[in-house]
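Okay, structure first, notes after.
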């Protein structure tokens, strides 16, 4: 498991390549309470790098589940002002932010989905200032994961040492098994940036997706869209990597220009519940029909969050032979599973995925076709036989992925 030098290598990688912590800057860490040693390692490394202060906010699936089961919905949705203020404080005071995402995928499987949906919706609305700052790169942030017992048992149910197995899988996806992880990441980021440069030069009008499972959809791209990869520039001019691992290049779809059917390739863990075997039918950019073999109510509540959750906010391309995919592991965690598969996102689009979008108003972004919502939920669509074709304004077609793998 991530201990000793490996843990400090992990912390160094996230703080240097991920949030790119600067001397004199504050850092907030969100961490499962059972992994206090991880927060301690990150804190120590942050101070070694010159951090001004490190704040740690603890999470606990077990106590959250108890609250969901026994508290009334109106009590659960009475979000205290101090919590909202604490998030806005990060923006105001120039903190960077590391979220250690390691929840049990089934932590809330027996919790009424309407309660989960109500809390998620209320938090999203109250935290809009913070989430807008994150999506406009006014905050440098990074999401990573470490194994927890409950999560590991779901990923490796037949293992004698599930946490060790999950730790090894995470180390591989994070390139911590390389002699020099920082150098390995620099090389990897360069590869993704070259793909983004190709796509930006191509200026496609729309993408077409087809696979044998029934996915057959065209997705128009927003006006002045920009393809981004692992490394982005924050508003303060400092580069950072928001997700680790990451294997994607991504951009903004046009909110009104998706037509066809898309079927899920992997389960989606959302709000502590599993949604699986689901599909969407899009017409003029909006979901008109949907189904799910598992987690139908959770999916229904997601789509009912606001008008924006019926449209797409992101398209991301990933080859099927990424290090995440090569682990042959279903992580039940979107951070990993989305990097094993091409994916879309329902909800808000990243303003940074249109040229100059970080400085635009909501009305200006909408005019370009960027979707808006309080949610942004990725779901995986990449199969081993997926074909993705870019189509230019002149009708010229360029294959991008054939049988699930890059050809550019």
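The values are calculated or read from the model by the stated rules, or taken from the named source; none is laboratory data. Being a predicted model, the structure only gives us computed values, none of them experimental. All Cβ positions, glycine included, derive from the backbone under ideal geometry; neighbour counts span all protein chains shown.
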* Do you know which residues across region 291-300 are part of a helix (DSSP H, G or I) and surrounded by fewer than 22 Cβ atoms within 10 Å (Cβ to Cβ)? -> 296, 297, 300
* To do: Could you identify the single residue in 36, 86, 43 that is in the same structural domain as residue 129 (by TED's automatic domain parsing) and under 14 Å from residue 146 (Cβ atoms)?
  => 36
* **Members of region 112-144 found to be in a loop (DSSP other than H, G, I, E, B) and either surrounded by 20 or more Cβ atoms within 10 Å (Cβ to Cβ) or not assigned by TED's automatic domain parsing to the domain that holds residue 73 (or both), listed by number** => 137, 139, 140
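Matching residues to (1) more than 24 Å from residue 222 (Cα to Cα); (2) part of a loop (DSSP other than H, G, I, E, B):
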position: 302; (1), (2): no, no
position: 308; (1), (2): no, no
position: 313; (1), (2): no, no
position: 316; (1), (2): no, no
position: 319; (1), (2): no, yes
position: 331; (1), (2): yes, yes
position: 335; (1), (2): yes, no
position: 339; (1), (2): no, no
* To do: May I ask you to say which residue of 239, 198, 280 is buried (at least 22 other Cβ atoms within 10 Å of the Cβ) and at pLDDT 95 or above?
  => 280
* To do: Considering (1) within 30 Å of residue 184 (Cβ to Cβ); (2) surrounded by fewer than 16 Cβ atoms within 10 Å (Cβ to Cβ); (3) touching a strand residue (DSSP E or B) at 6+ places or on another chain (Cβ under 8 Å), say which one residue 251 fails and leave the rest.
  => (2)
* Could you say whether any residue in region 216-224 is touching a helix residue (DSSP H, G or I) at 6+ places or on another chain (Cβ under 8 Å) and modelled with pLDDT under 95? -> no
* Just wondering, is there one or more residues in region 161-184 that are surrounded by fewer than 22 Cβ atoms within 10 Å (Cβ to Cβ), touching a helix residue (DSSP H, G or I) at 6+ places or on another chain (Cβ under 7 Å) and without any contact (Cβ under 8 Å) to a residue 12 or more places away in the chain? -> yes
* Structure fact -> Within region 9-28, the count of residues that are assigned to a helix (DSSP H, G or I) and touching a helix residue (DSSP H, G or I) at 6+ places or on another chain (Cβ under 8 Å) comes to 9
* To do: Only residues that are out of contact with any strand residue (DSSP E or B) (no Cβ under 6 Å at 6 or more places or on another chain), more than 21 Å from residue 167 (Cα to Cα) and surrounded by 15 or more Cβ atoms within 10 Å (Cβ to Cβ): list them for region 26-59, please.
  => 49
* Asked: When you scan region 78-111, how many residues do you find that are surrounded by fewer than 18 Cβ atoms within 10 Å (Cβ to Cβ), modelled with pLDDT under 95 and within 23 Å of the chain's Cα centre (by Cα)?
  -> 2
* **Residue match in region 259-278 (condition: free of Cβ contacts under 8 Å to residues at least 12 places away in the same chain, over 20 Å from residue 217 (Cβ atoms) and not assigned by TED's automatic domain parsing to the domain that holds residue 119)** => no
* Asked: In region 196-236, which strands (runs of 3 or more DSSP E) lie fully inside it and hold 3 or more residues that are within 17 Å of residue 398 (Cα to Cα) and assigned by TED's automatic domain parsing to the domain that holds residue 259?
  -> 204-210, 216-221
* **residue 247 being at pLDDT 95 or above, more than 19 Å from the chain's Cα centre (by Cα) and either part of a strand (DSSP E or B) or over 27 Å from residue 112 (Cβ atoms) (or both)** => no
* **Condition check for residue 288: free of Cβ contacts under 8 Å to residues at least 12 places away in the same chain and either touching a strand residue (DSSP E or B) at 6+ places or on another chain (Cβ under 8 Å) or part of a helix (DSSP H, G or I) (or both)** => yes
* Asked: Among 353, 305, 288, which is the only one that is farther than 20 Å from residue 107 by Cα and touching a helix residue (DSSP H, G or I) at 6+ places or on another chain (Cβ under 7 Å)?
  -> 305
* **Test for residue 332: is it in contact with a strand residue (DSSP E or B) (Cβ under 9 Å, 6 or more places away or on another chain), surrounded by 16 or more Cβ atoms within 10 Å (Cβ to Cβ) and over 24 Å from residue 242 (Cα atoms)** => no
* Output the number of residues of region 2-12 satisfying the condition of being crowded, with 22+ Cβ neighbours inside 10 Å and either without any contact (Cβ under 8 Å) to a residue 60 or more places away in the chain or within 18 Å of residue 234 (Cβ to Cβ) (or both). => 1
* Asked: Which residues, taken from region 374-406, are at positive phi and surrounded by 18 or more Cβ atoms within 10 Å (Cβ to Cβ)?
  -> 404
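In region 320-331, is there at least one residue being without any contact (Cβ under 8 Å) to a residue 12 or more places away in the chain and assigned by TED's automatic domain parsing to the domain that holds residue 226?
yes
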